[in-house]
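Right, one structure below, let's go through it.
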Amino acid sequence: MTTPKPTAETAGAADQAADQVAAPPGRRRWWRILVIALAFAGPGLIAANAGNDAGGIATYASAGAQFGYRTLFVMLLVTVALVVVQEMCARLGAYTGEGLGSLIREQFSIRVTAFALLAFVIANLGLVVSEFAGIAAALNLVGVSRYVSIPIAAVAIWALVVFGSYRYAERLFLILSLAFLSYPVAAVLARPNVSEVVSQTVWPHLVPSRDFLLLAVALIGTTITPYMQFYIAGAVADKGIGPAEYQAERIDTIGGAIFADLISMFIIIATAAAIHVRAPLESAAQAAHALKPVAGRFAEQLFAFGLLGASALAAAVVPLSTAYAISEAAGAERSVGRRFREAPLFLGLFTGQIILGASVALIPGNLIQLLINAQLLNGIITPILLTYVLVLANRKRLLGDAANGPVYRVVATACVVVVAIMAAAALAATVLGWFGIS
Amino acid sequence: MADRRVSLSLASVPRAVRQRYEQRSDRLTRTRSVRDALLSLAGLAGRPVLNQAGEQIGRLVDLVARWDGQEVYPPVTGLVVQVGGRRAWVPFEAVDHVGRDSVRLRSARLDLREFTERPGEVLLAADVLDHQLVDIEGVRVVRPSDLYLTPVEGRLRLVGMDTGFGALARRLGPARWRSRATAEQVIDWSDVQAFGTGAGSGAVQLAAPRGELRRLHPAELADLLEDLGRAERKELLDLVSPEAAADALEEMRADELEELLSESDPGEAARLIARMEPDEAADALRDLREERRADLLARLPRQARSAVEVLLAQDENTAGGLMTTTMIRVTAEQTVAQVRDLLAAQVAHIADIDSIVVVDEDGRLLDDVTLGELLLAEPGTTVGDLVGPPWPVTVPPGASVAEIAARFGESRRLSVVVVDEEERPVGRILADDVLDMLRPPRGKFHFPRVLS
């Protein structure tokens, strides 16, 4: 599926104006249907499916390659947590009409706010790195060296956004990333062992190894990305969804989260069925094997297209949203929405992230491992921001009767605590690993 | 709705307003003595509260200010003090002195009353600091990173706010930095439109509107509405007159307007739409969800509804969808003086009228007389005398934007008349509406708010 697409609906609106001049009514209607369909898709679906970006594909594929179907139970737990978290965020957006960042600034002290923002920025920087790694891995499949592809991609994405034609490129990336919809088909065609898939999904189990722990936290990080929580709360508020329409939005949010995780699980199943040597994923070419049942000898090209689309899309959107969040926190936001080129702080932050992200992705090393490590970083940061979400959703003074009830409170707290314990263990394992202890 | 941001006229209006403001000298934060005496709210929070003997009895949590809008600079009515595990209320009468890093009370004894919020008052640190406000002078939405207080005539009053990054940095740093008011970007409180208590907190109370709000251009008000959060936006709409609110709505971006109309109370939204120009109202309704649109339409007054419904039935990219039905129809027998009276009655729509249509007894178009022609004619002459070349420029309701633009290009007129098959005028298209459609969307980079 696709990466976050905050500009989709608004872009559609603005494009109507452009299309209106040149295009005959017939074509315009076609766009209108697409815009309506996207609007119907709702923030919940878009936000949750943001998890299936370059980092997500790499992590899910690696999970399938290394542990077969054994991570499916973890994914079941992650799905529950994702549903709970996304629902709380959507509820906060609908009942307060504000985004998460604004709520945090208004409800917490400035230092606590700054800490949240710092965590958000670090998590997003990890994502930017992984998007550039994704672009490099995709173009590697068609024989382009990362030392050529990353600099060109960085300059191209920067220029597309700053000079304003990004919106058209975005559509191309979006269509490319639809290639990953072939995963469920591939998973079925690969004839996986159905009884094993089912039992590994529902039978509670964990594998007691360091690698499994780190991968599980990476799975959490890529599925419950902090970016998604900020996006869904902001998008719900921005669409004017209020308490009256919240029931419909709730269905969209929960359905979107479940749909996104089904796709993720199909990626794991397809890869597990296609790769028989249980070892960490070494290259994108290996991951592409999973698409063989669908695309045959074109599997690598299909995988490359999808990965390139998903990565390029997010490589622009993630740094944009981070720059926006910081500009707003610093009180310089109001120049942003209007005239992009007149916002030096915003532009500086955007440029800085692109440069930093591309530079880190250029450091020699295994691209797939870099992708997974970026998700691991996200997974370690996730519980920090989840704590803020939980505290806000519990607040009666903020949400009134829509605040978490006692049962919901227990479930949500349990989710956050489990995620936090796993993240802490992963952090400890990583730090100990640096000193050669494992 | 097309994006109508008239940046040229916009830039000139606030400059005039700003100059007017700069000449004012009665604003408190502009005087040096007040500037030196400013107390920082962020610096005061958490400071020790001492009794007369100088012993600490608790810590300052928050200041409570009267918020009924009677006074320009809200007076502090009391303190919230953390004493042990309790939050106690201390009326301001019991306070002897508020210093930069401590508060001293008058008596040794403290009557510990549990703090409860009262109507007409707000907690400055909890409800105002870091919450959205409107800086009327600068025409922008800001979040104060600090609030400044100073004693005025024996009362501690809220006199200004700081929006600078320095104030934020000061609050992030160690406690001893905090109390020094940096006062780099101070906005006098008389230039601030504050709101009630903001999002979420059930008991919404309205702040009093500042008179300066009236001076805002509709496009400026639209900018403010776009930038505010949901609760504040609703409050600002309530604070300005319904006419001003409707004018501002016409200037808002399509997606922001859609959001506003979706989230607000249907009755209120319908009242605003009823006051908008029919073509703008139709554009706004077109973007809404089916049920919402039907609901709002049903709430419109009969006349407004029929006008909007006619427009809604048209394709928005044809002459029928672009036109406004606001038109003045006259017959050849009417005198110029009568026509001028008709114009005076339509003064609210004058921006959408650049000429009047003359029709025969069957309602067919005879001519399109510009306001210039009317201005130069003798009051006693009849409209019939003015009929003659240049003849009106007309388009059918189904004409495309490109065709309309071509007609404008050939005729060099400011508006064209839309006529049906029987040559009866049904509406008018102004050149600026076509301009909006032709303008490329470049440079309008929009991104959903993450933090607001």
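At a glance:
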{"read-out": "The one condition in (1) hydrophobic (A, V, I, L, M, F, W, C); (2) within 14 Å of chain B (Cβ to nearest Cβ); (3) over 15 Å from A:Phe120 (Cα atoms) that A:Leu385 fails to fulfil", "value": "(3)"}
{"read-out": "One residue from B:Val122, B:Val81, B:Val142 being buried (at least 16 other Cβ atoms within 10 Å of the Cβ), farther than 18 Å from A:Arg111 by Cα and more than 14 Å from chain A (Cβ to nearest Cβ)", "value": "B:Val81"}
{"read-out": "Hits in region B:219-234 - residues which are of a type in the set (Asp, Glu) and crowded, with 22+ Cβ neighbours inside 10 Å", "value": "B:Asp223, B:Glu226, B:Glu232"}
{"read-out": "Residue among A:Ala429, A:Ala424, A:Ala361 that alone is away from chain B (no Cβ under 14 Å), crowded, with 19+ Cβ neighbours inside 10 Å and of a type in the set (Gly, Ala, Ser)", "value": "A:Ala361"}
{"read-out": "Condition met for B:Arg104 (modelled with pLDDT of 85 or more and within 15 Å of B:Gln56 (Cα to Cα))", "value": "yes"}
{"read-out": "Residues (among the polar types (S, T, N, Q) and within 14 Å of another protein chain (Cβ to nearest Cβ)) located in region B:397-438", "value": "B:Ser400"}
{"read-out": "Qualifying residue in region A:90-108 (condition: at pLDDT 90 or above, within 18 Å of the chain's Cα centre (by Cα) and within 30 Å of B:Ala231 (Cα to Cα))", "value": "yes"}
{"read-out": "Residue that is of a type outside the set (Asp, Glu), assigned to a helix (DSSP H, G or I) and without any contact (Cβ under 8 Å) to a residue 60 or more places away in the chain, where the choices are A:Leu118, A:Leu125", "value": "A:Leu118"}
{"read-out": "Test: A:Glu98 is in a loop (DSSP other than H, G, I, E, B) and touching a helix residue (DSSP H, G or I) at 6+ places or on another chain (Cβ under 6 Å)", "value": "yes"}
{"read-out": "Test: A:Glu131 is crowded, with 24+ Cβ neighbours inside 10 Å, within 11 Å of another protein chain (Cβ to nearest Cβ) and charged (D, E, K, R)", "value": "no"}
{"read-out": "Any hit, region A:379-387, residues being touching a Phe, Trp or Tyr at 6+ places or on another chain (Cβ under 7 Å) and either touching a residue at least 12 places away in the same chain (Cβ under 8 Å) or within 17 Å of A:Val84 (Cβ to Cβ) (or both)", "value": "yes"}
{"read-out": "Exclusive hit being more than 22 Å from B:Gln346 (Cα to Cα), more than 13 Å from chain A (Cβ to nearest Cβ) and out of contact with any Cys (no Cβ under 7 Å at 6 or more places or on another chain), set B:Ala284, B:Ala319, B:Ala294, B:Ala307", "value": "B:Ala294"}
{"read-out": "Residues being part of a helix (DSSP H, G or I), more than 14 Å from chain B (Cβ to nearest Cβ) and among the aromatic types (Phe, Trp, Tyr) - total across region A:53-95", "value": "3"}
{"read-out": "B:Val141 at pLDDT below 85, touching a Lys or Arg at 6+ places or on another chain (Cβ under 9 Å) and assigned to a strand (DSSP E or B)", "value": "yes"}
{"read-out": "Residue count, region B:145-157 (criterion: crowded, with 24+ Cβ neighbours inside 10 Å and either at the interface with chain A (Cβ under 10 Å from one of its Cβ atoms) or of a type outside the set (A, V, I, L, M) (or both))", "value": "3"}
{"read-out": "Qualifying helices (runs of 4 or more DSSP H) (wholly inside region B:332-448; at least 3 residues being touching a residue at least 24 places away in the same chain (Cβ under 8 Å) and either hydroxyl-bearing (Ser, Thr, Tyr) or more than 24 Å from B:Leu322 (Cα to Cα) (or both))", "value": "B:336-345, B:383-386"}
{"read-out": "Selected residue (criterion: surrounded by the most Cβ atoms within 10 Å (Cβ to Cβ)) from residues of region A:394-421 that are free of Cβ contacts under 8 Å to residues at least 12 places away in the same chain and within 14 Å of chain B (Cβ to nearest Cβ)", "value": "A:Ala403"}
{"read-out": "Any chance B:Gly58 is at pLDDT 85 or above, surrounded by 18 or more Cβ atoms within 10 Å (Cβ to Cβ) and in contact with a helix residue (DSSP H, G or I) (Cβ under 6 Å, 6 or more places away or on another chain)", "value": "no"}
{"read-out": "Test: residue in region A:282-296 that is of a type in the set (Ser, Thr, Tyr) and part of a helix (DSSP H, G or I)", "value": "no"}
{"read-out": "Residue match in region B:158-165 (condition: touching a Leu at 6+ places or on another chain (Cβ under 7 Å), of a type in the set (Val, Ile, Thr) and either within 14 Å of chain A (Cβ to nearest Cβ) or surrounded by fewer than 22 Cβ atoms within 10 Å (Cβ to Cβ) (or both))", "value": "no"}
{"read-out": "Residue within region B:284-298 that is part of a helix (DSSP H, G or I), within 21 Å of the chain's Cα centre (by Cα) and buried (at least 18 other Cβ atoms within 10 Å of the Cβ) present", "value": "yes"}
{"read-out": "Residues being more than 11 Å from the chain's Cα centre (by Cα) and without any contact (Cβ under 8 Å) to a residue 40 or more places away in the chain - total across region B:243-278", "value": "20"}
{"read-out": "Entirely in region B:68-118, the strands (runs of 3 or more DSSP E) that have 2 or more residues that are in contact (Cβ under 8 Å) with a residue 24 or more places away in the chain and over 14 Å from B:Ile57 (Cα atoms)", "value": "B:76-83, B:95-98"}
{"read-out": "Residue count for region B:233-273, restricted to those that are over 18 Å from B:Leu296 (Cβ atoms) and facing chain A (nearest Cβ under 9 Å)", "value": "1"}
{"read-out": "Qualifying residue in region A:394-407 (condition: under 23 Å from A:Tyr60 (Cα atoms) and either modelled with pLDDT under 95 or of a type in the set (A, V, I, L, M) (or both))", "value": "no"}
{"read-out": "Pick from region B:239-265, criterion among the aliphatic types (A, V, I, L, M), more than 20 Å from A:Thr96 (Cβ to Cβ) and part of a helix (DSSP H, G or I), ranking: modelled with the lowest pLDDT", "value": "B:Ala254"}
{"read-out": "Residue in region B:333-350 that is within 30 Å of B:Asp287 (Cα to Cα) and hydroxyl-bearing (Ser, Thr, Tyr) present", "value": "no"}
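The values are calculated or read from the model by the stated rules, or taken from the named source; none is laboratory data. Treat the numbers as computed from the prediction; the structure is a model and nothing was measured. Glycine gets a Cβ as well: all are built from the backbone with ideal geometry, and neighbour counts include every protein chain shown.
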